[in-house]
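The values are calculated or read from the model by the stated rules, or taken from the named source; none is laboratory data. Being a predicted model, the structure only gives us computed values, none of them experimental. Cβ sites come from the backbone with ideal geometry, for glycine too, and all protein chains shown count toward neighbours.
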Amino acid sequence: MSEQSSFYPELVRDIEPPRGRLGVLLPGLGAVATTLIAGVHLVNRGLAEPYGSLTQMQRMRLGKRTNPRFALIKEVVPLADLKDLAFGGWDIFPENAYQTACQAGVLPREMLDQIKHQLESVKPWPAAFEQAYVRNLSGNHLKRGPSKKHLADLLIEDIERFRRAEDLDREVMIWCGSTEVFLEPAPVHQTIEAFEAGLRANAPEISPCMIYAYAAITAGVPFANGSPNLAVDIPALGEYAHRHGVPIAGKDFKTGQTFLKTVVAPGLKARMLGLTGWFSTNILGNRDGEVLDDEGSFRTKEVSKGSVLDAILQPELYPDLYGQVFHKIRIEYYPPRGDAKEGWDNIDIFGWLGQPMQIKINFLCRDSILAAPVVLDLALFLDLARRAGLSGIQEWLSFYFKSPMARADLRPEHDLFIQHMKLTNTLRILVGEEVLDHSGLDYYESGDAYRESMSGL
Ligand SMILES: NC(=O)c1ccc[n+]([C@@H]2O[C@H](COP(=O)([O-])OP(=O)(O)OC[C@H]3O[C@@H](n4cnc5c(N)ncnc54)[C@H](O)[C@@H]3O)[C@@H](O)[C@H]2O)c1
């Protein structure tokens, strides 16, 4: 048998180099966004390390195992340098990034004080917001306009002003704003013509998050959605992004409990261990927790978190193992904890001959510490996608999302390990490297390969 190797020459991209500065636009300058901005400045000053970020720290194997190269991702694909990033954003509160980061209490004050000046310079622009969509928040740092289309135009003006003021070459937008109330896809979301008519007519099915997404795509800016809001996950904006050659990704950053769920569930399934119940509960006390204390926003989060198990376990293929799973998710707002969330998972499983077993997970995580590197990677990878000429849904970024977007006729992939392979292999394809399937048979089944390996002994 000859050596297996998969190259996809037709998919290799002529990637424009990341010249100049990249603007990172953040609707929602809250805990996650300010932890990201602080982190990038601290890393740039050599005062901290970007743990948790694949673009900054991960190596991937290139070539055969007999002659491997473990290169940093950022050495293999042309990514923007952290020193070339500029941050801007919107919020319904006027406090600058330093004030908000202090209030959020994610990073210690001594760390924030080392980059106080840089954080203070990020002052949010007035937001496109309506309290009907986030009932537990009220702020007065808002844009005013007769229609949602008018608000979109004002957001585009902000982007253009920022572009000129910071002398930017390119921008990306990552929604770090609050979780909005649950919205079902409606006729106004189906085509861009219906959507634009809805913007002009103030259709209630168009939420503020969608207005930002529309503004980003119109301005040619890639957009990722870190919340479970529908945002770009509607046919109208998917089609619009394609038409404008703009990459989009979403939705809902995969950080704490769901991250672990997508690690454990594939393991159970790989070993054909059955599941009868999975009870997940959390306490958190930050502003995100306060927003999720409202039933409407909680429903949006619940739907996003809930799809994970079914998608991984495929009960339709394994009814005996996974046909009767009781999956329950709770999020409790508990102010004393601030951003230091605590999650408990009770997992009831069964094995050989139906004998029951249990797994308990107690994750004392830090929400924004887990989310900040995700936002950074998404910003850099979306910018890469744009320079590589990719547009529409970037499924290879599913790795970062609880509720990954996929083409309407494809099942989204939730298994973290498949998502990781999808991401790294996409990077290999883009730069013309061999795709790795990890089967390894070619090392054993080819006589030549065997003789070659023995000759080295
Ligand atoms: N931290 C995590 O691990 C994690 C994981 C998954 C998803 N998320 C999502 O990321 C988002 C940000 O989380 P966070 O902890 O930073 O929350 P946060 O409450 O600290 O920050 C959100 C900010 O968005 C602002 N905002 C709300 N609506 C806005 C609008 N229309 N325009 C501009 N600003 C608006 C709020 O005023 C707030 O300052 C939330 O939607 C959250 O559900 C976070």
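If the condition is being modelled with pLDDT under 90 and either of a type in the set (Ser, Thr, Tyr) or farther than 22 Å from Pro9 by Cα (or both), then region 413-439 contributes only Ser439.
Scanning region 12-34 for residues that are more than 16 Å from the ligand (Cβ to nearest atom), in contact with a strand residue (DSSP E or B) (Cβ under 6 Å, 6 or more places away or on another chain) and among the hydrophobic types (A, V, I, L, M, F, W, C) yields one hit, Leu22.
For region 397-420, filtered to residues that are assigned to a helix (DSSP H, G or I) and surrounded by fewer than 18 Cβ atoms within 10 Å (Cβ to Cβ), the residue that is nearest to the ligand (Cβ to nearest atom) is His420. For region 216-250, the candidate set comprises residues that are under 18 Å from the mean Cα position of the chain (by Cα), among the hydrophobic types (A, V, I, L, M, F, W, C) and in a helix (DSSP H, G or I); within that set, the residue that is nearest to Ala194 (Cα to Cα) is Leu237. Going by what's in this entry, would Asp288 be described as part of a helix (DSSP H, G or I), in contact (Cβ under 8 Å) with a residue 24 or more places away in the chain, within 21 Å of Ser368 (Cβ to Cβ) and not assigned by TED's automatic domain parsing to the domain that holds His414? Answer is yes for this residue.
Checked across region 149-158, the condition of being within 11 Å of the ligand (Cβ to nearest atom) and either touching a helix residue (DSSP H, G or I) at 6+ places or on another chain (Cβ under 7 Å) or free of Cβ contacts under 8 Å to residues at least 24 places away in the same chain (or both) holds for at least one residue. Val43 meets all of the listed conditions (1) assigned to a helix (DSSP H, G or I); (2) away from the ligand (no atom under 16 Å from the Cβ); (3) more than 30 Å from Met421 (Cβ to Cβ) but one, namely (3). Among residues of region 378-406 that are on the phi > 0 side of the Ramachandran plot, those with a beta-carbon under 7 Å from a residue that is outside any loop (DSSP other than H, G, I, E, B) and of a type in the set (Gly, Ala, Ser) at least six positions away or on a different chain give the pairs Gly392/Gly238; Gly392/Ala241. Picking from residues in region 86-97 that are buried (at least 22 other Cβ atoms within 10 Å of the Cβ) and in contact (Cβ under 8 Å) with a residue 60 or more places away in the chain, the one that is nearest to Gly338 (Cα to Cα) is Ala97. Sort out which residues of region 98-118 are part of a helix (DSSP H, G or I), under 23 Å from the mean Cα position of the chain (by Cα) and either within 9 Å of the ligand (Cβ to nearest atom) or surrounded by fewer than 24 Cβ atoms within 10 Å (Cβ to Cβ) (or both), and write them in order of number. Thr100, Ala104, listed by residue number.
The residue list Gly39, Gly28 contains one member that is buried (at least 19 other Cβ atoms within 10 Å of the Cβ) and under 19 Å from Val221 (Cβ atoms), which is Gly28.
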